[in-house]
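The values are calculated or read from the model by the stated rules, or taken from the named source; none is laboratory data. Here the structure is a predicted model, which is why all the values come from computation and not from measurement. Cβ sites come from the backbone with ideal geometry, for glycine too, and all protein chains shown count toward neighbours.
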């Protein structure tokens, strides 16, 4: 079969462009991961960073949920912090505590010391994984590439890891805005180049994860984050692939996120899908089941899936997803069941 | 001086009733706590639970910020989990990890085993602290009593402590709604009785902390939390003191929180104060500076305080506060400076 014509017709890509689809496409953030036995089997022998560093392993893990769940898109298995390693920062994952960066960035000197990054040479293993996945998918479903948005990546490298209050991040932002803006400028440059590299390697869509941006007041988002996120979307737009803009706790930020860019805006479960869509009416939307709903009994889970679909009301431009990533311990058969529920409930015949 | 007439004129109480004030009242959530040397001195000799258990100590800690900061209200020093001890649950605070409940509530049997609580006998030490504080305040500023809202308290006792994803809480809610509703019914009864006891002991206002309710989709808030919060406000309303209803990450929930009750609705920094107030136009509002702003250089802090005040636009019914509690490490002189900034910027003469 000829790949290109088929791919432009994939429901995921059509929905991202707000074109009618014969079925609502569905995929899940963290659809490859610890909840899946196939993934845990690989993790018995390889660390998270080893999987990311070895294209064959990253490709294998990327494909696991495509085989097992029947989702409408693959998303590259990687970590949003991979690009900080060629910047000159240390990155480790400690059991249960997440990422640790032992040389956090907090001063003008720290920012000046960040190295230039060339995606092709410095992150070539990720781009190679993209090429492998594309070859192995052979056109079955589109492949989504991704990166962290500048604010979210900055928060990790300023805090030295995950954070609850983003104290060091905001102290830098409020107390040394020049340093903050210099850091964000460098990050937006690196992240745009990284995403462009993924697209050139074959990613058919990209998602920008601004997962922690919900901690910002709207005025702070506008002043300290929006310009850098917008720079990435503007640089990538000529490359022609759909772009997804995702965050958590963003009910007050959706209009500003739309302004920053993205063909598809991610919605979490704390805003009803229709209310969220009304704030970004000229974009597609992605979401917004609570990840914990996947732990509910099947009848209750089905009720919740149908509630999301009812709020989408069959409008072109809805990509079904969670409001955040799949949690460890999620029953795989429930995830699989959601794919079927979405497909069965929305089958409309060929548009 | 006669206490009663003075007290009804306190700016905090007037603002809570949306009456004009000669100055915008200001207090801070967690205004007594680790950031303050006077508090740390007491904590060197006493655990958190010891302070709560000993009325003289609780009263002393309650008064520290009144003396040091010049705030317009005192808030009783206590913990929202104190009422779970007479329910029959174990409560410990581990260093750095917060509360731990070793016998969490997850089944119908667990709920049935919860004991009846009588505030006067089972939480008499808290009510005695209220009486002591009132006597020592001698009418200088009003005293706020408080409790956790049923959802937030339930989340701790179901999870066994603090939580990020509220997995066990929502599993119970979605998978065993009868058990959930039975638990929430008991909690709302206990918490209403506890707050009524505080009011009878002398609390001149109360705040209901539904700190973690922002994790709920609006439809879930309506079904699983709102009825129990409303039951508390309805039971307390005849007692005639102003009631504050507070949560974090509630941009999508404000209208429903208003429906549940409260004379004053708490706003966090993720929604502009005027936008939040527009969603609850017939209530007073409290907020909404980002607690991290207290770490900013004084000029930047002042800019942020003035921004909040500008959005309140001098409208009657604004109580200045943070969007959440003061963080450990906050510079005390910055907190004190905010009190002065608010008072100086809003001095309007006698209304």
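Which one is farthest from the chain's Cα centre (by Cα), of the residues in segment B:178-216 that are assigned to a helix (DSSP H, G or I) and within 14 Å of chain A (Cβ to nearest Cβ)?
Initial filter on segment B:178-216 (assigned to a helix (DSSP H, G or I)): B:178-201, B:213-215.
Add one more test, that the residue is within 14 Å of chain A (Cβ to nearest Cβ), and what stays is B:178-180, B:213-215.
Numbers: B:178: 28, B:179: 27, B:180: 24, B:213: 13, B:214: 15, B:215: 18 Å.
If we take residues in segment B:178-216 being assigned to a helix (DSSP H, G or I) and within 14 Å of chain A (Cβ to nearest Cβ), then B:178 is farthest from the chain's Cα centre (by Cα).
Every residue in segment B:3-30 that is closer than 18 Å to residue B:339 by Cα, at pLDDT 95 or above and part of a loop (DSSP other than H, G, I, E, B), please.
Correct list: B:10, B:21, B:23, B:24, B:25, B:27, B:28, B:29, B:30.
Could you look through segment B:152-165, keep only residues that are within 14 Å of chain A (Cβ to nearest Cβ) and buried (at least 21 other Cβ atoms within 10 Å of the Cβ), and pick out the one that is nearest to the chain's Cα centre (by Cα)?
Let us first name the residues in segment B:152-165 that are within 14 Å of chain A (Cβ to nearest Cβ), namely B:155, B:158-159, B:162-165.
Of the ones still in play, those that are also buried (at least 21 other Cβ atoms within 10 Å of the Cβ) are B:155, B:158-159.
Details: B:155: 16, B:158: 21, B:159: 21 Å.
Only one residue tops the list, namely B:155.
Quick one: is residue B:91 under 22 Å from residue B:194 (Cβ atoms) and within 17 Å of the chain's Cα centre (by Cα)? Give the derivation first.
Details: under 22 Å from residue B:194 (Cβ atoms): yes; within 17 Å of the chain's Cα centre (by Cα): no.
Considered against the rule, which asks whether it is under 22 Å from residue B:194 (Cβ atoms) and within 17 Å of the chain's Cα centre (by Cα), residue B:91 comes out as no.
Can you tell me which residue among A:179, A:126 is surrounded by 22 or more Cβ atoms within 10 Å (Cβ to Cβ) and in contact (Cβ under 8 Å) with a residue 24 or more places away in the chain? So that I can check it myself, show each step before the final result.
On the way: A:179 fails: surrounded by 22 or more Cβ atoms within 10 Å (Cβ to Cβ).
Of A:179, A:126, the one residue that is surrounded by 22 or more Cβ atoms within 10 Å (Cβ to Cβ) and in contact (Cβ under 8 Å) with a residue 24 or more places away in the chain is A:126.
Assess whether residue A:323 counts as being facing another protein chain (nearest Cβ under 10 Å) and in contact with a strand residue (DSSP E or B) (Cβ under 6 Å, 6 or more places away or on another chain). Before the answer, list the steps.
Numbers: facing another protein chain (nearest Cβ under 10 Å): yes; in contact with a strand residue (DSSP E or B) (Cβ under 6 Å, 6 or more places away or on another chain): yes.
Taking the combined requirement at face value, the residue satisfies it.
Touching a strand residue (DSSP E or B) at 6+ places or on another chain (Cβ under 6 Å), touching a residue at least 40 places away in the same chain (Cβ under 8 Å) and closer than 15 Å to residue B:136 by Cβ: is that true of residue B:62 in this structure? Give the steps one after another, and end with the answer.
Working: touching a strand residue (DSSP E or B) at 6+ places or on another chain (Cβ under 6 Å): yes; touching a residue at least 40 places away in the same chain (Cβ under 8 Å): yes; closer than 15 Å to residue B:136 by Cβ: yes.
The answer is yes for residue B:62.
What tally of residues in segment B:296-310 results from selecting those that are under 21 Å from the mean Cα position of the chain (by Cα) and without any contact (Cβ under 8 Å) to a residue 24 or more places away in the chain?
Qualifying residue count for the region: 0.
Which residues, taken from segment A:297-310, are facing chain B (nearest Cβ under 10 Å) and surrounded by fewer than 20 Cβ atoms within 10 Å (Cβ to Cβ)?
Scanning segment A:297-310 gives A:297, A:300, A:303, A:307.
Out of all the residues in segment A:288-295, is one or more assigned to a loop (DSSP other than H, G, I, E, B), touching a residue at least 12 places away in the same chain (Cβ under 8 Å) and within 14 Å of another protein chain (Cβ to nearest Cβ)? Step through it out loud before you land on a result.
Residues of segment A:288-295 that are assigned to a loop (DSSP other than H, G, I, E, B), as a first pass: A:290.
Pick out the ones that are also touching a residue at least 12 places away in the same chain (Cβ under 8 Å) and you get A:290.
Right, trim to within 14 Å of another protein chain (Cβ to nearest Cβ) and you get A:290.
Yes, the conditions are met somewhere in segment A:288-295.
Is it the case that some residue within segment B:339-350 is at pLDDT below 95 and over 13 Å from residue B:25 (Cα atoms)? Walk me through how you get there before you give the answer.
Keep residues of segment B:339-350 that are at pLDDT below 95, which gives B:347-350.
Pick out the ones that are also over 13 Å from residue B:25 (Cα atoms) and you get B:349-350.
Yes, there is a match, as at least one residue in segment B:339-350 is at pLDDT below 95 and over 13 Å from residue B:25 (Cα atoms).
Is there a residue in segment B:314-323 that is more than 30 Å from residue A:175 (Cα to Cα) and buried (at least 18 other Cβ atoms within 10 Å of the Cβ)? Break it down into steps so the answer makes sense when it comes.
Our first condition is that a residue be more than 30 Å from residue A:175 (Cα to Cα); within segment B:314-323, this holds for B:315-317.
After this cut, where a residue has to be buried (at least 18 other Cβ atoms within 10 Å of the Cβ) as well, the list is B:317.
Checked segment B:314-323: at least one residue is more than 30 Å from residue A:175 (Cα to Cα) and buried (at least 18 other Cβ atoms within 10 Å of the Cβ).
If we scan segment B:45-52, do we find a residue that is buried (at least 19 other Cβ atoms within 10 Å of the Cβ) and either in a loop (DSSP other than H, G, I, E, B) or at pLDDT below 95 (or both)?
Applying the first criterion (buried (at least 19 other Cβ atoms within 10 Å of the Cβ)) to segment B:45-52 yields B:51-52.
Then keep just the ones that are either in a loop (DSSP other than H, G, I, E, B) or at pLDDT below 95 (or both); that gives none.
No, because not a single residue in segment B:45-52 is buried (at least 19 other Cβ atoms within 10 Å of the Cβ) and either in a loop (DSSP other than H, G, I, E, B) or at pLDDT below 95 (or both).
What's the number of the condition residue A:219 fails, among (1) without any contact (Cβ under 8 Å) to a residue 24 or more places away in the chain; (2) within 12 Å of chain B (Cβ to nearest Cβ); (3) assigned to a loop (DSSP other than H, G, I, E, B)?
Exception for residue A:219: condition (3).
Give the residue that is surrounded by the fewest Cβ atoms within 10 Å (Cβ to Cβ), with candidates limited to residues of segment B:237-250 that are within 14 Å of chain A (Cβ to nearest Cβ) and not in a strand (DSSP E or B). First the steps, then the outcome.
First, the residues of segment B:237-250 that are within 14 Å of chain A (Cβ to nearest Cβ): B:247-250.
In the following step, the residues that additionally are not in a strand (DSSP E or B) were identified as B:248-250.
Numbers: B:248: 21, B:249: 24, B:250: 29.
Per the criteria, the residue is B:248.
Quick one: in segment B:251-278, which of the residues that are within 14 Å of chain A (Cβ to nearest Cβ), in contact (Cβ under 8 Å) with a residue 40 or more places away in the chain and outside any helix (DSSP H, G or I) is surrounded by the most Cβ atoms within 10 Å (Cβ to Cβ)?
Looking at the filtered set, the residue picked out is B:267.
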